[in-house]
Amino acid sequence: MADIAKTISVVNQMTADGIIENYALGGATAVIFYTEPIATEDVDVFVHLKPGGNPLMEFQPIFDYLKDKGYEMKGEHFYVEGFPVQFLPTGTELLNEAIDEANEFQLTNEVVVRVMTPEHLVAIMLNTGRLKDFLRIGVFIQHEVVNSELLQSILTEHNLAQKWKDNISKFQS
């Protein structure tokens, strides 16, 4: 099986080379850092892109960089060191904040990965509102990895407090 540290090493190099400004893992891969392993098909890398004139062209440096390094694209994923990776724009203040405030984890002696905080992941999952997201929120609560005060602050700041109140019964067992 491919080693995710090698994949993250490529993403870190993209940051060092100025292809992306910053990143953080989100989605199911990020959840694994805080709870139990869950099935996922890809690695979601949320990125701050360098602003350009044409929003449709802002991803072009990522495509060019990875293709020049020999990585293939299939569908919406680049296969980077054996893992399907989806690079996703932020697009909202919540996602921007999640990247800016990401936690760092040491994968190997040489590789550090940036991962969205549990509180931001829960807020993003709540905002997305899919059944699988609500189930994952329940796992976060069950594992007691979320700082309730910080979560409430994030929910309030991003106008999600009422949605939390409306759905809290779905997250509790």
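Within the range 79-113, the set of residues being within 17 Å of HIS48 (Cα to Cα) and part of a loop (DSSP other than H, G, I, E, B) comprises THR90, GLY91, THR92, GLU101, ALA102.
Summed over the range 123-132, the residues that are over 15 Å from ILE32 (Cβ atoms) and within 15 Å of the chain's Cα centre (by Cα) give a count of 5.
Which residue is farthest from ALA102 (Cα to Cα), if the candidates are limited to the range 21-46 and must be buried (at least 23 other Cβ atoms within 10 Å of the Cβ) and among the aliphatic types (A, V, I, L, M)? The qualifying residue farthest from ALA102 (Cα to Cα) is VAL43. Examine the range 94-112 for a residue that is of a type outside the set (D, E, K, R) and over 18 Å from the mean Cα position of the chain (by Cα), and state whether such a residue exists. Checking the range 94-112: at least one residue is of a type outside the set (D, E, K, R) and over 18 Å from the mean Cα position of the chain (by Cα). Inside the range 67-78, residues that are touching a residue at least 12 places away in the same chain (Cβ under 8 Å) and part of a helix (DSSP H, G or I) make up a count of 0.
Each residue in the range 114-137 was checked for being under 20 Å from SER9 (Cβ atoms) and assigned to a loop (DSSP other than H, G, I, E, B), and 1 pass.
Every test in (1) farther than 18 Å from THR29 by Cα; (2) buried (at least 18 other Cβ atoms within 10 Å of the Cβ); (3) in contact (Cβ under 8 Å) with a residue 40 or more places away in the chain is passed by ASN167 save one, and that test is (2).
Pick from the range 138-171 the residues that are of a type in the set (D, E, K, R) and part of a helix (DSSP H, G or I): which of them is nearest to the chain's Cα centre (by Cα)? Filtering the range 138-171 for residues that are of a type in the set (D, E, K, R) and part of a helix (DSSP H, G or I), the one nearest to the chain's Cα centre (by Cα) comes out as GLU157.
Throughout, read-outs are computed from the coordinates displayed, never taken from laboratory work. Remember, predicted model here, so these are calculated numbers, not experimental data. Neighbour counts run over all protein chains shown; Cβ positions are idealised from the backbone, glycine included.
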